[in-house]
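> Here you go, one structure.
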Amino acid sequence: SNPITITAAAIKSITVSVQPGSALHGSPLSIQPRVAVLDRFGNYALEDEFVKTVTAELVGVQQVGTLGGQLVQKFVSGFATFTDLSVNNPAVQYKLRFYANGTWDTSNPKVGTGMEAIDPPMVAESESFQILGLVSGLRVQQQPEQAYGGSSFEVQPRVALVDLNGQVVAVKMVR
């Protein structure tokens with residue numbers, strides 16, 4: 001019988017294959033993210049020579065911090081592993097957004113010839129993670145209101161743990 005050659009399908013997207021972990025502000029993330037290149041069937045593309053690098057960016061819904069560390073990583077065998085990412089400001093809903101760039105192989109007769117830049121770049125976003133500050137105090141955010149012997153407060157108190165800068169690290173309704 002004749003030999004069969006199996007080749008990877010065309011590159012389609014990137015994904016966050018290892019999600020970032022929480023950390024104290026200014027410290028490296030407890031789990032560093034890993035980004036993978038996927039083919040059009042959702043399989044890992046282990047030998048992609050066209051997608052070269054991925055860039056990390058910090059996005060958040062509550063506060064803006066600064067992402068530190070080596071923000072650009074090269075893909076090696078289809079994966080880019082970050083090793084020293086950190087965030088300088090506490091918050092609970094940070095995410096990382098990753099942009100991959102490089103070139104598409106357009107030598108396929110159905111597509112064209114030569115190389116074309118990936119435009120727009122491929123994008124993937126991580127799940128949410130927390131950056132914690134060192135707790136230095138407690139702040140009452142909502143005072144309890146009206147309670148009668150043996151009954152619950154009509155308005156429950158809410159307390160927050162704050163760091164040295166007065167930024168809220170965590171909030172809890174007290175019952």
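The values are calculated or read from the model by the stated rules, or taken from the named source; none is laboratory data. These figures come from a predicted structure and were not determined experimentally. Note: ideal-geometry Cβ built from the backbone for every residue, glycine included; neighbour counts use all protein chains shown. We work out accessible area using only protein heavy atoms, side chains counted, and drop any ligands, DNA or RNA first. Shrake-Rupley method; radii C 1.70, N 1.55, O 1.52, S 1.80 Å.
> Once R0 is set to 35 Å, what does the formula 1/(1 + (r/R0)^6) return for the Cβ-Cβ distance between Tyr148 and Leu24, expressed as a FRET efficiency to the nearest 0.05? Provide the component values of the computation, followed by the final result.
Working: r = 43 Å, r/R0 = 1.23.
The pair Tyr148/Leu24 has a calculated efficiency of 0.25.
> Under the 0.36 nm per residue contour assumption, what length would be gained going from the current alpha-carbon distance of Ala9 and Gln167 to full extension?
That works out to 52.0 nm of additional length.
> Could you check the spin-label model distance between Asn88 and Val135? Points 7 Å from the Cα along Cα→Cβ, value in nm.
Computed distance between label sites Asn88 and Val135 equals 2.6 nm.
> As a test of reading the structure, rank Ile131, Ile6, Ile11, Ile31 by solvent-accessible area (1.4 Å probe, protein chains only), most first.
On the way: Ile131 5, Ile6 155, Ile11 25, Ile31 85 Å².
Largest accessible area first, the list is Ile6, Ile31, Ile11, Ile131.
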